[in-house]
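The values are calculated or read from the model by the stated rules, or taken from the named source; none is laboratory data. Model, not experiment: these values are computed from the prediction. In this analysis, Cβ positions are derived from the backbone assuming ideal geometry, glycine residues included, and neighbour counts consider all displayed protein chains.
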């Protein structure tokens, strides 16, 4: 689309004003924009296509595990929230209500679907033969945020998947809660090229109504931690609240064990922050809706032969998602800038000289490197190059994460590292009071995750000096 | 799932109480059920999987045309509805509002997204180069129905796709509005095995705000017509209301032309009604989430050899969606009933005798016919059988439709045919007044579609006797 009146590129530098830079990349790469409705976003085709890639991958993965998709109502009766006390309290401030009432009942728009789903589960589950029950839904949810809107990261409506499974035993339930976390980790690291730290949440940070919350955290280039996905072991809390019971193998009645787990369109935001640069969006090839753009370069006299060859090459690349930019009235340079802004991982340039040598030119989006490639080796070289881009982006992010973790042995260390925007690793007593004090005295640092692997000797709490329970990561969260 | 306390089969006959039979099939085949929230449904995995098959097929088709998916906010400001007067009036009675307000603005939950999308379109479209713009979204919509709820057919929330395209010329716009209608027809006839009548809607029945509404109508076995999909040529109505303008090739400003088109989860209801029988659900193979179920039949001594062979066969059928029912504690007869109820098109039975003859037994869901098939010919026979089931279901439905169309030359004819639950073909003057009178005097018969192909000589209106404008189908609508 030719909006020549607008400056095409990004006006702000990533390392000067990260927040404004992010906003510009999202908008100018046409991923999303602010809606006229306060707190809402419009996900544009280029943004939605990334979500489709994530869905495609993840939906296939969970179906292999035996998860099935379903759809439950958008509205939730007020009384349902009240059944699980912690859940009710946790979500109360974020609920949006509808004006229409039936029999005097008030309805909220779903902020998450535990309650409405488990009301059905109570009817469906009778016997151990009905377990495990593994359902998922891809849907929109509403949380009436009052904090400032940030595209993909904090909007009043977003898209997500929520998985809700039920098991006979606590062991199965916890094992699978961790299995879904592992699936999220694979998605983040292998597809989105974003390394994550996995672990448990503290009592203060866990999901409202859960027994244990497992989570993945990534470190964004501005030093803030972003929660990438969560998986909750709900224990029997909701089963008891919604009276889900099953007849066990011994013919006695039991409450089953449940987990729930979700990822959302905020992952698109993490992609933008993590990989992109001052020229615009950078996407890892595995999640890029368009992986390759072909740009024919010619003077008028060579047009026919160049276009013909470009089309031939485009049609031959069946295994990739390719676009051929044949538009007239735009210079190659303008096209380069546009597709760099939009984040296409690999650009293939083709001109009369290249054709005479049976070559094309590859230009990588991630490191700007150019190289001539024999057309005869095209398929092999594309595969290698895309694999290498995927790997390079992951490695860069991995290096960034691990060079920004700092261990704090004292409260002074803690404050120093926090000020330097590090993810702070420290021993912690785990108490809610201590965690609140840390947040207050550190300008908003919160606990992120307790890694599964813990050192043999646990020292003293970085804040209160009492015996610590575990080693944990602290950071400023999005 | 073994809910032995419940009777497995359908308690009502299709030709005795169609409405109750429908409800029972939907619920007992576990496609959907009534939610605790009045007017809402829960789409269960077996129902949702049918929707996924429809999405998979249709999404691929429209992407080939150049349509891209996006996502717009669930909420719509009150003022947006008021911009297009007919649209506002048409949807006013069905809107649900939220209690939360921003700056005093009232928001409705989307009943359809013309207004919220076109507000963005006005910002995005600048030049003829931006056209055609072809977007679609798969989402939930809310229409606050007061009539009695019917699963899949009339619920306050349903899932659908809504396509919204913008063109430079009226001709392109109308041509593509018809192209999407044709895509719907292919979906209905080739995938769902439901023949449809296509045509235009009358002024009274067209979409609120449209210039022309094109629609597909199918005839259900109870003699009621079901609208399967619609495609609206919106003309420039919304472009003018939302001030969408583009710079034409001649550097002058123009209003573009728009169409919108949709199909919804009601298609799942049409499948149930059209094909199913007193034993439960029947699904055409092309839309069946599970196409084949394999039932091993054995006495304990043969168990190992039969299960082994059944697994071998199951694993060999990669091109189909197959389930092997290995469950212990259920007789083969019980399993037959269950999978017939759930609508699996083809059952493969395998026992020790079959194995000794290198055979299996095919049992077709649609006509109950059984036949022995050599294992060596399995692949070929499965393909033939599934193709034949698909064809047979379509042909049966086709015969039903065309033997239930009756031409009315007089008002008496009209009433007689209507009473006999026929789709009535008649000449009609097209006036709103006459149409209202017909509805009133015929116990609710409405105009369905005006076929594209019209006879050379148009007679007199079946009701008022004035000069008719066209030949049209009338029927009782769902």
Could you please let me know if residue B:160 is surrounded by fewer than 22 Cβ atoms within 10 Å (Cβ to Cβ), outside any helix (DSSP H, G or I), under 13 Å from the mean Cα position of the chain (by Cα) and within 14 Å of chain A (Cβ to nearest Cβ)?
-> yes
Would you point out which residue out of A:478, A:473 is modelled with pLDDT under 95 and more than 30 Å from residue A:316 (Cα to Cα)?
-> A:478
If residue A:134 satisfies every condition in (1) closer than 23 Å to residue B:75 by Cβ; (2) within 12 Å of chain B (Cβ to nearest Cβ); (3) buried (at least 19 other Cβ atoms within 10 Å of the Cβ) but one, which is the exception?
-> (1)
Residue A:235 vs. criteria in contact (Cβ under 8 Å) with a residue 24 or more places away in the chain and crowded, with 20+ Cβ neighbours inside 10 Å | no
Would segment A:194-210 turn up any residue that is over 22 Å from the mean Cα position of the chain (by Cα), crowded, with 21+ Cβ neighbours inside 10 Å and outside any loop (DSSP other than H, G, I, E, B)?
-> no
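Residues checked against (1) within 19 Å of residue A:213 (Cα to Cα); (2) assigned to a helix (DSSP H, G or I):
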| residue | (1), (2) |
| --- | --- |
| A:426 | no, no |
| A:440 | no, yes |
| A:444 | no, no |
| A:455 | no, no |
| A:465 | no, no |
| A:471 | yes, no |
| A:474 | yes, no |
Of these, B:173, B:165, which one is away from chain A (no Cβ under 14 Å) and farther than 23 Å from residue B:108 by Cβ?
-> B:173
Flag for residue A:47 being part of a loop (DSSP other than H, G, I, E, B), buried (at least 17 other Cβ atoms within 10 Å of the Cβ) and either more than 7 Å from chain B (Cβ to nearest Cβ) or free of Cβ contacts under 8 Å to residues at least 12 places away in the same chain (or both) = no
Sort out which residues of segment B:86-125 are in contact (Cβ under 8 Å) with a residue 60 or more places away in the chain and farther than 23 Å from residue A:100 by Cβ, and write them in order of number.
-> B:86, B:118, B:119, B:121, B:122, B:125
Somewhere in segment A:51-68, is a residue modelled with pLDDT of 95 or more, within 7 Å of chain B (Cβ to nearest Cβ) and touching a helix residue (DSSP H, G or I) at 6+ places or on another chain (Cβ under 7 Å)?
-> yes
Which ones in segment A:147-157 are in contact (Cβ under 8 Å) with a residue 40 or more places away in the chain and more than 10 Å from chain B (Cβ to nearest Cβ)?
-> A:149, A:150, A:151, A:152, A:153, A:154
Of all residues in segment A:21-44 being out of contact with any helix residue (DSSP H, G or I) (no Cβ under 9 Å at 6 or more places or on another chain) and part of a loop (DSSP other than H, G, I, E, B), the one that is farthest from the other protein chains (Cβ to nearest Cβ) | A:39
Taking residue A:271 as the residue in question, decide whether it is closer than 26 Å to residue A:87 by Cβ, at pLDDT 95 or above and part of a helix (DSSP H, G or I).
-> no
Would you check if residue B:172 is within 24 Å of residue B:131 (Cβ to Cβ) and surrounded by fewer than 24 Cβ atoms within 10 Å (Cβ to Cβ)?
-> yes
Could you count how many residues in segment B:80-105 are within 13 Å of another protein chain (Cβ to nearest Cβ) and either part of a loop (DSSP other than H, G, I, E, B) or within 11 Å of residue B:144 (Cβ to Cβ) (or both)?
-> 11
Quickly run through segment A:69-79 and pick out the residues that are more than 7 Å from chain B (Cβ to nearest Cβ) and under 27 Å from the mean Cα position of the chain (by Cα).
-> A:76
Given (1) modelled with pLDDT of 95 or more; (2) touching a strand residue (DSSP E or B) at 6+ places or on another chain (Cβ under 9 Å); (3) on the phi < 0 side of the Ramachandran plot, index of the condition residue B:210 fails | (1)
Could you list, in sequence order, the residues of segment A:106-123 that are touching a helix residue (DSSP H, G or I) at 6+ places or on another chain (Cβ under 8 Å) and not in a strand (DSSP E or B)?
-> A:106, A:110, A:111, A:112, A:114, A:115, A:116, A:118, A:119
Does residue B:176 meet the test of being in a helix (DSSP H, G or I) and over 20 Å from residue B:263 (Cβ atoms)?
-> no
Residue A:141 is checked against (1) over 20 Å from residue A:257 (Cα atoms); (2) at pLDDT 95 or above; (3) in a loop (DSSP other than H, G, I, E, B) and fails just one. What number does that condition carry?
-> (3)
Which residue out of B:406, B:477 is under 17 Å from residue B:224 (Cα atoms) and without any contact (Cβ under 8 Å) to a residue 60 or more places away in the chain?
-> B:406
Evaluate the following for residue B:122: is it within 11 Å of chain A (Cβ to nearest Cβ) and either modelled with pLDDT under 95 or out of contact with any strand residue (DSSP E or B) (no Cβ under 9 Å at 6 or more places or on another chain) (or both)?
-> yes
The number of residues in segment A:214-226 that are crowded, with 20+ Cβ neighbours inside 10 Å and either at pLDDT below 95 or touching a helix residue (DSSP H, G or I) at 6+ places or on another chain (Cβ under 9 Å) (or both) is 7
